[in-house]
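Bear in mind that the values in this text are calculations on the coordinates, not laboratory data. What you are looking at is a predicted structure, and each value in this text was computed from that prediction instead of being measured. Here the Cβ positions follow ideal geometry from the backbone for every residue, glycine too, while neighbour counts run over all protein chains shown.
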Amino acid sequence: MRITRRAAIGLVAAPGLARAEDWPARPVRFVIPYPPGGPTDILGRVVTTRLAGDLHQPMVVENRAGASGVIGSEVVARAAPDGATFLVNASIHLIIPHLNPSMPFDAVADFTPVTNIATVPLVAVVNPALPVRTIPELIAYLKANPGRVSYASSGNGSALHLAGEMFKLMTGTEMVHVPYRGAGPAVQDLIAGTIQLMFDSIPSSAAAVRSGLLRPLAVTTTQRTAAYPDLPTVAEAGLPGFEIATWYAIWGPPRLPPAIALRLQGAVAAAVQAPEVRERLAALGADPVADSPAEFAAFCRREYDRWGRLVRDAKVRLD
């Protein structure tokens with residue numbers, strides 16, 4: 001668990017917090033810009049369920065899917081900065097601007113960073129009908145069947161999409177990208193065999209892996225994950241240098257009072273330390289972060305630049 005000291009004491013030490021001491025005085029809406037069942041939805045609901053008890057107000061989750069998260073995100077970008085509306089989104093929030101220059105908002109300037117909830121490795125999973133059990137076997141199969149394997153993502157520009165494009169780039173293979181409106185529907189089609197491969201966030205495919213409906217090959221981070229301790233990383237399975245992960249965070253509308261952002265961040269930091277939440281996140285392969293708004297804002301700036309370089313290097317385009 002990577003919870004910073006500033007995160008742990010942020011609620012107590014926040015200057016000006018008295019101006020928001022009564023927040024929340026009414027239900028709080030968390031917009032998740034994907035359908036139910038995907039990793040953003042799962043992680044968002046785990047945390048907001050705990051927040052409802054800790055903050056003594058209903059935390060209303062609203063799924064507003066479409067356009068790789070843009071539709072739901074715009075709802076928050078246009079919301080009043082009164083602490084009643086927040087966005088729960090993944091790293092795609094800082095990826096899609098590099099692919100869509102005509103977005104209706106600025107992904108950085110039109111949001112107030114609150115906190116990064118957790119980071120999660122991706123896992124390469126296949127339909128069991130695909131005759132591969134390892135990364136080398138997958139590479140060999142792709143080279144023998146160029147363009148005949150389809151891989152899914154939760155949407156154009158998502159970390160899941162970029163993982164597939166990075167894999168193609170590093171292995172010199174060809175696959176067909178099939179974007180979905182969220183990871184949940186993609187996993188269902190992967191189980192059905194409509195598509196064959198996915199670099200998925202661990203939460204959305206975990207149940208299917210446990211039941212044998214999907215076969216995991218490797219995780220995409222440099223270290224193995226507690227969720228699949230016996231599963232190798234893509235790098236150690238034969239593709240050195242391959243590394244990609246996703247993360248899930250909370251933003252508020254622009255001009256959100258800093259005291260409200262700090263109060264919510266403090267509540268999230270406490271929530272991810274609660275035993276039942278910590279256990280649930282661990283089962284999902286998630287490493288809690290809960291950094292301060294200032295730390296998360298700096299992280300966002302670094303991530304925006306990093307994803308931009310990857311998009312350019314892999315020559316990723318919207319399908």
Can you find a residue in the range 125-141 that is touching a residue at least 12 places away in the same chain (Cβ under 8 Å), part of a strand (DSSP E or B) and crowded, with 22+ Cβ neighbours inside 10 Å? yes
Need pairs with beta-carbon distance below 6 Å; first residue closer than 10 Å to ALA79 by Cβ and within the range 251-268, second aromatic (Phe, Trp, Tyr) and assigned to a strand (DSSP E or B); sequence gap 6+ or separate chains. GLY252/PHE86
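Among the residues of the range 163-189, write down those that are of a type in the set (S, T, N, Q), farther than 18 Å from ARG215 by Cα and part of a helix (DSSP H, G or I). Working first, answer last.
Looking only at the range 163-189, we keep the residues that are of a type in the set (S, T, N, Q), and these are 171, 173, 188.
Narrowing further to those that are farther than 18 Å from ARG215 by Cα: 171, 173.
Hit for the range 163-189 is THR171, nothing else.
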Of everything in the range 41-65 that's more than 16 Å from the chain's Cα centre (by Cα) and in a helix (DSSP H, G or I), which residue is surrounded by the fewest Cβ atoms within 10 Å (Cβ to Cβ)? GLY53
Residues satisfying the stated conditions in the range 210-227, i.e. in a loop (DSSP other than H, G, I, E, B), closer than 17 Å to LEU239 by Cβ and not hydroxyl-bearing (Ser, Thr, Tyr): GLN223, ARG224
Quick one: count up the residues across the range 276-298 that are farther than 22 Å from PRO101 by Cα and part of a helix (DSSP H, G or I). 13
What do you reckon, is VAL149 on the phi < 0 side of the Ramachandran plot and in contact with a Cys (Cβ under 7 Å, 6 or more places away or on another chain)? no
Return yes when PHE105 is part of a loop (DSSP other than H, G, I, E, B) and touching a helix residue (DSSP H, G or I) at 6+ places or on another chain (Cβ under 8 Å) and no when it is not. yes
Before we move on, is VAL311 assigned to a helix (DSSP H, G or I), over 23 Å from SER153 (Cβ atoms) and touching a helix residue (DSSP H, G or I) at 6+ places or on another chain (Cβ under 6 Å)? no
Is it the case, given these coordinates, that ALA226 is surrounded by 15 or more Cβ atoms within 10 Å (Cβ to Cβ), within 30 Å of ALA152 (Cβ to Cβ) and hydrophobic (A, V, I, L, M, F, W, C)? no
Just need a number here: residues in the range 45-100 that are over 20 Å from LEU284 (Cβ atoms) and basic (Lys, Arg). 2
